[in-house]
Amino acid sequence: MAGHAETASKAAAAIDRARSQGRAALIAYLPAGYPSVEDSIAAGIAAARNGADLIEIGIPYSDPVMDGQVIQAATTEALAKGFHVSQVFDVVAGITSQTDAAVLVMTYWNPVVRMGVDEFSRRLAGAGGAGLITPDLIPDEAGEWMEASEKYGLDRVFLVAPSSTPERMQRTVDASRGFVYAVSIMGVTGARSSVSSAAKDVVSAAHGAGAERVCVGLGVSNAGQVREIAAYAEGVIVGTALVKALGDGGVDAVASLTKDLSTGLTRETGSTQEAGA
Amino acid sequence: MAQAPSGNADNNTAEAFLQGGSLRHAPGPYFGNYGGRWMPESLIAALDELEETFNKAKDDPGFRAQIADLNKNYSGRPSLLTEAKRFSQHAGGARVFLKREDLNHTGSHKINNVLGQALLAKRMGKTRIIAETGAGQHGVASATAAALMGLECVVYMGAEDCRRQALNVARMELLGAKVIPVTSGSQTLKDAINDALRDWVANVSTTHYLLGTAAGAHPFPAMVRYFHEVIGEEARAQILEQEGRLPDAVCACIGGGSNAIGIFHGFLDDPSVKLFGFEAGGDGVETGRHAATITLGKPGVLHGARSYLMQDDDGQTIESHSISAGLDYPGVGPEHSYLSDIGRVSYEPITDSEAMDAFRLLCRTEGIIPALESSHALAGAIKVGQRFAAEDAASAGEKIIIVNLSGRGDKDVATAAEWFDLLDKNSAESEIGKEGEQL
């Protein structure tokens, strides 16, 4: 965002590559360590090779308040199998070494606090990671993270919601780096039959506050919904549907669902969001 | 102050207190390095609305009159301050006074907070409240307030707790609440809070989350304390009236810490009054099966606040253990973390066994059956009194200790009967007791 060297942002670069191809970017969420560390790497690589521009690797956490039942079940299973937070760096490195995708880590804040914000950031950067998506960290509390992310050149993806006031929207957009995560509805993660009309308003408000890249997540599960969002946002985030596919059909199912989702990315009008809009 | 500030406290504030400044009425969002709002953006607008509504209400004589009226004519306040003369003989001879929150309507201090928050919910035009509960005390109190004020009420409760506390589930349902068993995560109180937060995110336009303790995101810690400050204010005035002087020590139990912060608040600025918070030591802190968050936890963020937290090396929350469901929580309110760091309050663990001994002692010496939670404070008071005696036997009999008797033990009779092996092996009650049922 404003004030940062845009070229340094891996997430922004990945989104801009998609934009230059006249389409929105696809962001695929997968939990680290589910169903195993090896399979989560394989799933990330499969997603990246079948149309995902960015991969979002979730850290399994004991108290995931923004997640619905499918992701809760997957991350609880990963923890039960003995997943450790430091293994997320193996997953990130495993994917970045095999693909061109930008790899972000999605994490609740306490595991980062426990490791130390600087140490976590240093290791993430060392693994080739692009940055962090932080569902329970707002810019108001992000002093240490602002500092560490600058130091290691990492993206800061904060969330904005339908309930965000204009003041908070501005503050969050200003604090973000890479892209802004627009929560499509008031709720937790999980597939839904239709995309809320609130999503478009949130994206519009984020653009109005100066965000150049806004990606929409929560409730997106099929190519039709991807197409709908690709018409007004720079990126589309799919999580629960991919996690379910991975659980039901393994890595091959992730590959085929990603391929299918990516058919929705091309903007039918052919118009692209102008930088700085 | 006998103790020096320690840890990573906000030393400016600690210094200010030591130089005669005030620790009372800390407004949040931060208490030294603790507190704040570690919450999804989706909920920040609701927290802002709550904070604004609360701040306006606090300054509104009409609101304060409503609270005073409910406290007097519904809850039965002021609660008594009862001297426990026979119990005192076991506390090194110190005179022990009990602040009788057990005599409030619904049987504990919880009513103070639920009435205040339910009024705020109505002020915000919300028609539905949600709450979490462990054993059911806060759930019952929330259902009570909802019934009184005509609000819809949904209570989240761990599935295992629902089974063990079947009668409290029935009690909430009698009061018109809907109880939802929580099957996510470890299926305990912390997961009930998680599910309540998920509900709140999805229904925030109609719903107020009536959090039951002085923890969580700002403004909850300062707001819940505000509604419980009446405990400390009454206790301070009562001991001055009855004895003409301040107590030497005040003891309270700590789970999230709402009853403790309520009574401590009245004495925070009285340096001569030693304050003690007693955490649940479970099977013993050396066993790992406990809920001694401040004693053994490390700072972290959970449920919206930075505070001491029981967590592993990965920052995953560790499950807590206590015979007392009301103390069985791996977190603690942020103001307590701060008061510990600056040395104003001493926090110590009390084992299940010590608490149960104190439970039986109060039953037999005073004819009062205390809640298992409050029994931790009683056990702590015995230790404090014995320490006074060890320091100076001659003056021990002149020492005054106030214990916040935060709740009554009717709900705990089956657990206690099982603990003390009072039940016929073949009785239905024995079967219930084995399941940990609290009647």
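Values quoted throughout were computed directly from the atomic coordinates according to the rules given, and no laboratory measurement underlies them. Please read these numbers as outputs of a predicted model, since none were measured by experiment. Methodologically, a virtual Cβ is constructed for each residue, glycine included, from the backbone with ideal geometry; neighbour enumeration extends over all protein chains shown.
Peptides B:198-206, A:180-188, A:29-37 ordered by packing proxy, namely the average of other Cβ atoms within 10 Å per residue, highest first: A:180-188, A:29-37, B:198-206. With the convex hull of the Cα atoms taken as the outline of segment B:254-334, the averaged projected area works out to 5.8 nm². Averaging the sequence gap over all C-alpha pairs within less than 8 Å and six or more residues apart, then dividing by the number of residues, gives segment A:4-261 a relative contact order of 22 percent. Look at the stretch B:221-229: the mean tally of other chain Cβ atoms within 10 Å of its residues' Cβ atoms is 0. The order of the peptides B:46-59, B:121-134 by mean Cβ neighbours within 10 Å, most packed first, is B:121-134, B:46-59.
The protection proxy used here, the mean number of other Cβ atoms lying within 10 Å of each residue, ranks peptides A:156-164, B:285-293 as follows, highest first: A:156-164, B:285-293. In a simple Cβ point-charge model (Lys, Arg +1; Asp, Glu -1; nothing else charged), the protein assembly as shown has a dipole of about 1000 debye relative to its Cα centre.
Computed over the Cα atoms of the protein assembly as shown, the ratio of the radius of gyration to the Kirkwood radius (Rg/Rh) comes to 1.01.
Looking at chain B as a GNM with Cα springs under 10 Å, which of B:Ala141, B:Ala196, B:Ala393 has the largest mean-square fluctuation? In the Gaussian network model the winner is B:Ala393.
Shielding by partners for peptide B:305-317, expressed as the average number of C-beta atoms from other protein chains within 10 Å of each residue's C-beta, is 5.
Residues of chain A were split at every exposed loop site, defined as GluC sites (Glu not before Pro) in a DSSP loop with at most 15 other C-beta atoms within 10 angstrom, and the longest piece left, sites excluded, is A:1-267. May I ask for the distance between the Cα centers of segment A:190-247 and segment B:318-380, given as a whole number of Å? If we compute the Cα centre of each part, the gap is 48 Å. Taking amide H positions as modeled 1.01 Å from N, with prolines and chain starts lacking one, the residues under 5 Å from B:Gly281 and 5 or more places away or on another chain are B:Ala291, B:Ile350, B:Thr351, B:Asp352.
Computed over segment B:134-190, the P(r) tail beyond 17 angstrom holds 29 percent of alpha carbon pairs.
What you get for chain A, charging only the Cβ of Lys and Arg (+1) and of Asp and Glu (-1), is a dipole of about 400 debye around the Cα centre.
Each semi-axis of the equivalent ellipsoid for chain A is √(5λ) with λ an eigenvalue of the Cα gyration tensor; in descending order they amount to 24, 22, 18 Å. Counting Cβ atoms of other protein chains within 10 Å of each residue's Cβ and taking the mean over peptide B:178-189 gives 2.
Annotation: the antiparallel percentage among DSSP beta bridges lying fully within the protein assembly as shown is about 25.
Computed over segment B:353-413, the range of Cα coordinates on each principal axis works out to 39, 20, 18 Å, biggest value leading. Counting only DSSP beta bridges whose two residues both lie in segment A:4-261, roughly 5 percent are antiparallel.
Shape summary of chain B, radius of gyration then Dmax from alpha carbon positions: 20.3, 63 Å. Dipole orientation for chain A: of the candidates A:Met146, A:Val243, A:Val88, A:Val243 has the Cα lying most toward the positive pole (charges on Cβ; Lys, Arg +1; Asp, Glu -1).
Between B:Lys399 and B:Arg95, the built amide H atoms are under 5 Å apart, and every one of these is 5 or more places off in sequence or on another chain. The trypsin sites (Lys or Arg not before Pro) of segment A:17-122 that meet both conditions, a loop assignment by DSSP and at most 15 other Cβ atoms within 10 Å of the site Cβ, are A:Lys81.
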